[in-house]
Amino acid sequence: MKMALIALFALAVVLGAGLFILGAISRSGKAPGLLEGRLAPCPKAPNCVCSEEKGDAGHYIEPVAIPPHVEGMGMIRETILEMGGRIRDEEGGHLAATFSSRFFGFVDDFEIRADFLEKKVHIRSASRVGHSDFGANRRRAERFSVLCMEKMSRKDAEKDGEAPKP
């Protein structure tokens, strides 16, 4: 019994140390950025979603539709900051941000490509390390979409003279 407890404790220490090391590794590096004017495709691992991966159901997520009156990146930037993201780079219609996990400090990349001609906001959310993220990047991208649509709806209501909804 004593040996089993020691082995279990040793396993927990090794596992914890491994997770801290992976967290440290994830803090180095940066988002892949745009490739030929589009967000980078997801790797084969299930820890990434991208709205420009329409042919890949496992990685695909719908882009956010932009109403005609919305221009610029202000609302997008504001939404990312409200969600706890840190903006790392912004150039034209491309924005790169990071989100960090509370435990172990894993860093995930979150990229946006706003296409104001097509009136779409494309999203890519991906883990920097590991294989599975237990759906964290998909949930983050979906939350971003919902928050953006809510903000745009409020902006529409204000534009039309209605009282904004809380």
Exposure-ranked with fewest Cβ neighbours within 10 Å first, 48, 42 stand as 42, 48
If each residue's Cβ is checked for other Cβ atoms within 10 Å, how do 153, 132, 51 rank with the fewest at the top? 132, 153, 51
Would you list 73, 83, 3 from fewest to most Cβ contacts within 10 Å? 3, 83, 73
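Each value in this text was obtained by applying a stated rule to the coordinates, not by laboratory testing. Source: prediction; values computed, not measured. Quick reminder, even Gly has a Cβ in these numbers, built from the backbone with ideal geometry, and neighbours come from all protein chains shown.
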